[in-house]
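This report concerns only the one structure given below.
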Amino acid sequence: MTTTKRKKSNTSVLRVKTGSVEDFFATVKSVMRAADRKEPIKSRVKTLIFEDPLDMLHFLSKAKLILINRIRQQPDSIKNLARDTHRKVTAVSRDINELEKVGIVKTHNVINPGHGRHKIIELTATELKLEASI
C-alpha cells in the first residue's frame, strides 16, 4: 500500500488595510457566532489594520515597499538588502525590526561556513494586499 502526502499550499496572503475598531469587533463577533453554532472556523487571511489611512501610508513608506519587493525576489541578510537597495544598514535594520513587529517579515539564523552566523530576512506571506478607504 502506498500513501501520498498532500502538499500544503504555501500561498498565503497578508492584508494591510484601514478600518475602525467597530469593524474589528464585528469580524470577531461573526467568528464567535460561527463557533457557537459549531461551524468550522474558516482559515482567515492575516490582516494588519490601521485606523487612519495616513498612518498606513506613513508605515508603508516607499523605502519599505522597495525593501519588501527586494525580499520577495530573494530572502537575504540585512547587509545585502541594504547594499541592493542603496541604503544604510542601520536604516534597513530599523525598517526590518518594524516590519517584523507587525508580522510582515520574519528572520532566522543560518550558518555561513567560515564566517559564523547571519540573519536571513524573509516575508511571512507570498502576497501582500493593500486596501485603504478614505
Here is the link list: LYS64/LYS88; LYS88/LYS129; LYS79/LYS129; LYS17/LYS42. Which ones come out longer than 23 Å on Cα distance? LYS88/LYS129; LYS79/LYS129
Go through LEU60, THR90, VAL102 and say which Cα lies farthest out towards the positive end of the charge dipole of segment 52-134; charges sit on Cβ, +1 for Lys and Arg, -1 for Asp and Glu. THR90
Relative contact order of the chain (C-alpha contacts under 8 Å, at least 6 apart) in percent is 34 percent
Measure of exposure for THR124: accessible area at 1.4 Å probe, Å² rounded to 10, is 40 Å²
Run the helix sum for the chain: -39,500 (n - 2.57) per DSSP H stretch of 4+ residues, divided by residue count, reported at 222 nm to the nearest 500 deg cm²/dmol. -12500 deg cm²/dmol
Output the direction-averaged projected area (hull surface divided by four) of the convex hull of the alpha-carbon atoms of the chain, in nm². 13.0 nm²
Ranking LEU48, LEU99 from most to least accessible area with a 1.4 Å probe gives LEU48, LEU99
Would you work out the charge dipole size for the chain about its Cα centre, treating the Cβ of every Lys and Arg as +1 and the Cβ of every Asp and Glu as -1, and quote it to the nearest 20 debye? 680 debye
Return the long-range amide H neighbours of GLU51 (sequence gap of 5 or more, or a different chain), with a cut-off of under 5 Å between placed amide H atoms. GLY19
For the chain, the percent of accessible surface on carbon and sulfur atoms (probe 1.4 angstrom, ligands and nucleic acids excluded) is 54 percent
Over the Cα atoms, compute the radius of gyration (one decimal) and Dmax (the largest Cα-Cα distance, rounded to a whole number) for segment 50-96, in Å. 11.5, 34
With all protein chains present and a 1.4 Å probe, the order of LYS42, LYS64, LYS17, LYS29 from largest accessible area down is LYS42, LYS29, LYS17, LYS64
Probe radius 1.4 Å, ligands and nucleic acids left out: which of ILE121, ILE41 has the largest accessible area, and how do the rest follow? ILE41, ILE121
If you take the charge dipole of segment 22-124 about its Cα centre, with +1 on Lys and Arg Cβ and -1 on Asp and Glu Cβ, which of PRO40, PHE24, ILE120 is farthest toward its positive end? ILE120
Per-residue SASA entry for LYS79, accessible area with 1.4 Å probe, Å² rounded to 10: 150 Å²
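The values are calculated or read from the model by the stated rules, or taken from the named source; none is laboratory data. Everything quoted here is computed from the prediction, not taken from an experiment. Using ideal geometry, Cβ is built from the backbone for each residue, glycine included, and neighbour counts are taken over all protein chains shown. For accessibility, only protein heavy atoms count, side chains too; no ligands or nucleic acids. Shrake-Rupley method; radii C 1.70, N 1.55, O 1.52, S 1.80 Å.
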